[in-house]
Amino acid sequence: MEAAMGETVLGASSLLLPYSAALQQALLLVVVTFIIYLAVRRLRPRRTMTSTTKLEQQHRCAAAAVACSPAASATAPLPPGPVPWPVVGNVPEMMLNKPAFRWIHLMMKEMGTDIACVRLGAVHVVAITCPRIAREVLKKQDANFVSRPLTFASKTFSGGYRNAVLSPFGDQWKKMRRVLTSEIICPSRHKWLHDKRADEADNLTRYVYNLATAGSLSSSVVDVRHVARHYCGNVIRRLLFNRRYFGEPQPDGEPGPLEVQLMDAVFNSVGLLFAFCISDYLPWLLGLDLDGHEKAVKEANATVNRLHDMVIDERWRQWKSGERREPEDFLDVLINLKDGGGNPLLTIEEVKAESQVAINATCASHACT
């Protein structure tokens with residue numbers, strides 16, 4: 001029996017040996033990386049600019065900022081910035097100093113520069129605080145910055161880059177932008193749906209009046225943020241789906257449980273859209289979800305899709321079966337668009353993606369006011 005126990009202990013310890021060796025190798029790798037980083041900081045000082053031609057150098061860096069890949073940065077001068085770590089760049093600093101934009105602003109203030117370059121993985125991120133340099137980028141160099149960044153959130157919320165707002169510059173972006181500008185955002189559609197907007201304005205007035213007159217004077221406080229948020233949601237749902245509620249209508253025009261869920265998910269989506277996500281810069285970490293960003297994006301997108309899809313799928317079926325013949329809202333317009341050959345211009349996936357971006361854009365405008 002003692003021999004058996006000895007064999008068991010020996011077997012368990014032998015199983016632990018590979019894990020101990022792997023742990024030692026990992027610790028050794030961390031120590032070597034840290035030593036290399038310290039050596040790089042000592043041998044290669046932080047990128048700075050001369051004091052006599054600082055503004056001219058900043059503008060040259062702005063013109064060269066179009067080369068944001070490692071290969072291009074080898075020949076083009078980069079703006080000043082912190083010395084990056086091997087492989088991961090300045091990702092550790094971004095993870096340890098949240099919110100990231102405050103760390104960037106503080107770093108630029110300490111360096112005394114209006115343009116800085118921070119390397120995240122293999123991506124050079126250029127931050128600008130000077131209006132003059134910003135005009136250089138957005139006007140003179142606009143052709144180089146016209147495309148959208150490819151991120152986990154933008155791909156998820158756009159249904160795989162199918163809408164006009166989040167898609168990168170290309171044929172799909174041109175197609176969806178043409179649909180948006182010629183069929184949705186145009187004076188004729190604005191006039192066509194005037195009565196629906198007026199009806200929602202009347203509902204808003206009635207809802208606020210009921211809130212202000214209900215109960216005692218101390219309890220008649222109106223939460224303007226809550227009211228404005230759901231007014232925006234009501235308006236875009238009437239224009240897009242010709243409905244105010246996904247579930248049962250509520251008394252006094254107040255939002256129902258499904259509407260509250262939708263607006264919470266939409267505003268979460270807007271906040272997550274361009275938030276810092278480590279897997280956007282280190283693609284080999286995609287799926288590990290180290291910062292919880294991917295889970296939050298998936299949950300918000302699933303809530304929006306669950307409520308939108310039940311309306312869009314039913315409407316798509318009605319038009320294809322001939323049950324519906326007269327367009328009443330934006331969704332009908334998108335479904336009935338035809339190409340030059342008389343075939344449907346948009347697939348149902350593109351209709352869903354464009355519908356979601358309409359909701360998100362409306363709420364993003366409200367969040368900025």
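Go through the stretch 284-299 and give me each residue that's part of a helix (DSSP H, G or I) and without any contact (Cβ under 8 Å) to a residue 40 or more places away in the chain.
The answer is Trp284, Leu285, Lys295, Ala296, Glu299.
Look at Met310 and say whether it is closer than 20 Å to His230 by Cα and among the aliphatic types (A, V, I, L, M). Taking the combined requirement at face value, the residue does not satisfy it.
Might you check whether a residue that is touching a helix residue (DSSP H, G or I) at 6+ places or on another chain (Cβ under 9 Å), part of a helix (DSSP H, G or I) and modelled with pLDDT of 90 or more occurs anywhere in the stretch 155-165? The answer is yes; a qualifying residue exists.
Of all the criteria given as (1) outside the structural domain of Leu334 (by TED's automatic domain parsing); (2) assigned to a helix (DSSP H, G or I); (3) crowded, with 16+ Cβ neighbours inside 10 Å; (4) not basic (Lys, Arg), the one not satisfied by Phe101 is (3).
For Leu239, indicate whether it is in contact with a Lys or Arg (Cβ under 8 Å, 6 or more places away or on another chain), surrounded by 12 or more Cβ atoms within 10 Å (Cβ to Cβ) and among the aliphatic types (A, V, I, L, M).
Against the criterion (in contact with a Lys or Arg (Cβ under 8 Å, 6 or more places away or on another chain), surrounded by 12 or more Cβ atoms within 10 Å (Cβ to Cβ) and among the aliphatic types (A, V, I, L, M)), Leu239 qualifies.
For Leu346, the test of being surrounded by 17 or more Cβ atoms within 10 Å (Cβ to Cβ) and within 18 Å of Arg237 (Cα to Cα) is failed. Before we move on, is Pro80 farther than 23 Å from Phe169 by Cβ, part of a loop (DSSP other than H, G, I, E, B) and without any contact (Cβ under 8 Å) to a residue 40 or more places away in the chain? Against the criterion (farther than 23 Å from Phe169 by Cβ, part of a loop (DSSP other than H, G, I, E, B) and without any contact (Cβ under 8 Å) to a residue 40 or more places away in the chain), Pro80 qualifies. For the stretch 174-226, taking the residues that are touching a helix residue (DSSP H, G or I) at 6+ places or on another chain (Cβ under 6 Å) and among the hydroxyl-bearing types (Ser, Thr, Tyr), the one that is surrounded by the fewest Cβ atoms within 10 Å (Cβ to Cβ) is identified as Ser220. Taking residues in the stretch 108-130 that are outside the structural domain of Pro82 (by TED's automatic domain parsing), and partners anywhere that are hydrophobic (A, V, I, L, M, F, W, C) and modelled with pLDDT under 90, not one pair has Cβ atoms closer than 6 Å while being at least 6 places apart or on different chains.
The values are calculated or read from the model by the stated rules, or taken from the named source; none is laboratory data. Quick caveat: nothing in here was measured; it's all calculated off a predicted structure. Cβ sites come from the backbone with ideal geometry, for glycine too, and all protein chains shown count toward neighbours.
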